[in-house]
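Here is the structure we will look at, set down as structure tokens.
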Amino acid sequence: MAPQAGTYAQGSALLHFTRNGNFAPGGSELMVVERGEGAYVFDTHGNRYVDGLSSLFCAQIGYSYGEEMGTVAAGQLQQLAFNTMWGTAHPPALELADRLAGLAPEGIDRVFFTSGGSEAVEAAWKIARHYHLANGEPQRLKAIARNIAYHGVTLGALSFTGVPGYKEPFGEPAIYTRHVFNTNAYRSELAGEALTAKLLSEIEDVIIEEGPDTIAVIIAEPVQNAGGCLVPPPGYWQGLRRIADRYGILLHADEVITGFGRLGEYFGVTRYDTIPDLITVAKGLTSAYAPMGAVLVSGKVAAPLYEDKRTLMHGITFGGHPLCAAIALKNLEIFEREGVLENVHAREDGLRARLEQLKEDLPIVGDVRGAGFFWAVELVRDEHGGRFDADERERLLRGYMPPALFKAGLIARADDRGDSVLQIAPPLISDDQVLDDIVERMHTVLAGAQREFALA
Ligand SMILES: Cc1ncc(COP(=O)(O)O)c(C=O)c1O
């Protein structure tokens, strides 16, 4: 029997990316979320939080579609609970694949389903390898990714992830990957096109150093999450496309976060006028009403997979699960019906303006950056953008922030995988009232941080 409301403890569960010992008996109380409504969630004590992070960038349509999703789920489970995509198929996954191909940028018309983001990233790598092998280039075994970028933690995807601390315990990466500069304009002396030129020339230098015909893939997020919503400078994505084409490298846009409306488009690359060869998605594909990921593949890259006697040497038992596919289809229907992308377009400037106001009001905010409903404020120790040292970051981001956010009733992400940031990614159905609520609570938390850390 479930314990009485409000009395849950960590018990036997190991929490992901968590200092598990913090929640041992006598330690901090674990926040246990048991209910959601609109852009809000409620813990087992009945405390209400505004979900300023969409449950880790997933809850695009918020939490109020359970009944509708439940009806779809019940119908699908009664019709067909499960079938694989291994040599057979089922209607919801086929329909979803066509639907996604219809939404994707031109020429991206094949879809391989997975259970989540890391699996999608690894599947994309394997599809890229198939392509190079079929083209007589088996030596293309290397990848280029960006510093601090997060592309997942299963061992293949972890190779692309550029956060050293996540990799060090696990030995040599499975895939040889060179990490290049990311697009943090705030921490660069250059801006605009000059920054673009420098970043692209660094990538090209790395390619030449490694040997252009040894590189299989360049992987990047349209707006990089880790490091705090690092937007590309002008022309950056078009530049990636040009470089990839110049050297026969495939361009992989990892849209696990930026896909499905986070930047106001179904695919973030659309915003940057670029058509990659591979796109990975997960999270928002179902708005997290079920776990699912996918790789979207250009016709060019998929072509060898249709050659006589060639087998796609990859498969995931639950990839394309009928329940998840049916829910994803319903999610897309809700996106259209409720004008989810339109909501992001209509409110993006207002959200930016609210965050810029925070910067005006609070010297601890050094930079505001992002796009769509995906924003970070970078936290600084002085008016010159001074960085907090390791000890200060520990106190600020892991000591002060979690309880302060909790007390303020705000779910947001305090992070220092790169520089110190507080990140938000509101549900895409948020109206002005919700956005006000999020930013007001950020103000409370950041004003407290400023007092605590003795900033002027
Ligand atoms: C850009 C990106 N790629 C891949 C992943 C891995 O996705 P998952 O946690 O579903 O395996 C994430 C997760 O946050 C991500 O942000």
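The values are calculated or read from the model by the stated rules, or taken from the named source; none is laboratory data. What you are looking at is a predicted structure, and each value in this text was computed from that prediction instead of being measured. Using ideal geometry, Cβ is built from the backbone for each residue, glycine included, and neighbour counts are taken over all protein chains shown.
Consider GLY46 carefully, then state whether it is outside the structural domain of GLU255 (by TED's automatic domain parsing) and touching a strand residue (DSSP E or B) at 6+ places or on another chain (Cβ under 8 Å). The answer is no for GLY46. For the stretch 336-352, a tally of residues being under 22 Å from ASN184 (Cβ atoms) and either over 22 Å from the mean Cα position of the chain (by Cα) or aliphatic (A, V, I, L, M) (or both) returns 1.
Just to be sure, is GLN433 in contact with a Cys (Cβ under 7 Å, 6 or more places away or on another chain) and either within 15 Å of GLY62 (Cα to Cα) or touching a residue at least 12 places away in the same chain (Cβ under 8 Å) (or both)? Steps first, please.
Values: in contact with a Cys (Cβ under 7 Å, 6 or more places away or on another chain): no; either within 15 Å of GLY62 (Cα to Cα) or touching a residue at least 12 places away in the same chain (Cβ under 8 Å) (or both): yes.
It is false that GLN433 is in contact with a Cys (Cβ under 7 Å, 6 or more places away or on another chain) and either within 15 Å of GLY62 (Cα to Cα) or touching a residue at least 12 places away in the same chain (Cβ under 8 Å) (or both).
A single entry from TYR272, TYR306 fulfils the requirement of being aromatic (Phe, Trp, Tyr) and within 20 Å of the chain's Cα centre (by Cα): TYR272. In the stretch 112-133, the residue that is farthest from the ligand (Cβ to nearest atom) out of those that are assigned to a helix (DSSP H, G or I) and of a type in the set (Ser, Thr, Tyr) is TYR131. Among the criteria (1) within 23 Å of the chain's Cα centre (by Cα); (2) more than 30 Å from ALA376 (Cα to Cα), the one HIS90 does not fulfil is (1).
Which residues, taken from the stretch 134-186, are assigned to a loop (DSSP other than H, G, I, E, B), of a type in the set (A, V, I, L, M) and within 15 Å of the ligand (Cβ to nearest atom)?
Going residue by residue through the stretch 134-186, those that are assigned to a loop (DSSP other than H, G, I, E, B) are 135-141, 147-154, 161-163, 171-176, 181-186.
Checking which are of a type in the set (A, V, I, L, M) leaves us with 141, 148-149, 153, 163, 174-175, 185.
ILE148, ALA149, VAL153, VAL163, ILE175 - these are the residues of the stretch 134-186 that are assigned to a loop (DSSP other than H, G, I, E, B), of a type in the set (A, V, I, L, M) and within 15 Å of the ligand (Cβ to nearest atom).
Only one entry of LEU30, LEU56 meets the criterion of being at pLDDT below 95 and in the same structural domain as ILE424 (by TED's automatic domain parsing), and that entry is LEU30. Counting only helices (runs of 4 or more DSSP H) that sit wholly inside the stretch 218-320, those with at least 1 residues that are within 16 Å of the ligand (Cβ to nearest atom) and of a type outside the set (Lys, Arg) are 236-247, 268-271.
Every residue in the stretch 424-448 that is in a helix (DSSP H, G or I) and either outside the structural domain of GLU360 (by TED's automatic domain parsing) or not hydrophobic (A, V, I, L, M, F, W, C) (or both), please. Spell out the reasoning first.
Taking the stretch 424-448 first, the residues in a helix (DSSP H, G or I) are 432-448.
Matches in the stretch 424-448: ASP432, GLN433, ASP436, ASP437, GLU440, ARG441, HIS443, THR444, GLY448.
Just to be sure I understand, how many residues within the stretch 345-384 are on the phi < 0 side of the Ramachandran plot and part of a strand (DSSP E or B)? Step through it out loud before you land on a result.
Going residue by residue through the stretch 345-384, those that are on the phi < 0 side of the Ramachandran plot are 345-369, 371, 373-384.
Filter once more, so that each one left must be part of a strand (DSSP E or B): 365-369, 371, 374-379.
Matching residues across the stretch 345-384 total 12.
All of PHE374, PHE388 fail the test of being aromatic (Phe, Trp, Tyr), touching a helix residue (DSSP H, G or I) at 6+ places or on another chain (Cβ under 9 Å), assigned by TED's automatic domain parsing to the domain that holds SER420 and under 20 Å from PRO232 (Cα atoms), apart from PHE374. Pairs needed: first member in the stretch 147-176, more than 18 Å from GLY227 (Cα to Cα) and in the same structural domain as THR280 (by TED's automatic domain parsing); second member anywhere, more than 15 Å from the ligand (Cβ to nearest atom) and not in a loop (DSSP other than H, G, I, E, B); C-beta distance under 8 Å; at least 6 residues apart or different chains. From the stretch 147-176, the pairs are LEU155/PHE170; ILE175/LYS142; TYR176/LYS142. Residue count for the stretch 406-423 under the criterion of being part of a loop (DSSP other than H, G, I, E, B) and either without any contact (Cβ under 8 Å) to a residue 60 or more places away in the chain or of a type in the set (Phe, Trp, Tyr) (or both): the result is 2. Of everything in the stretch 369-385 that's surrounded by 22 or more Cβ atoms within 10 Å (Cβ to Cβ) and over 18 Å from the mean Cα position of the chain (by Cα), which residue is farthest from VAL445 (Cα to Cα)? This residue is GLU378.
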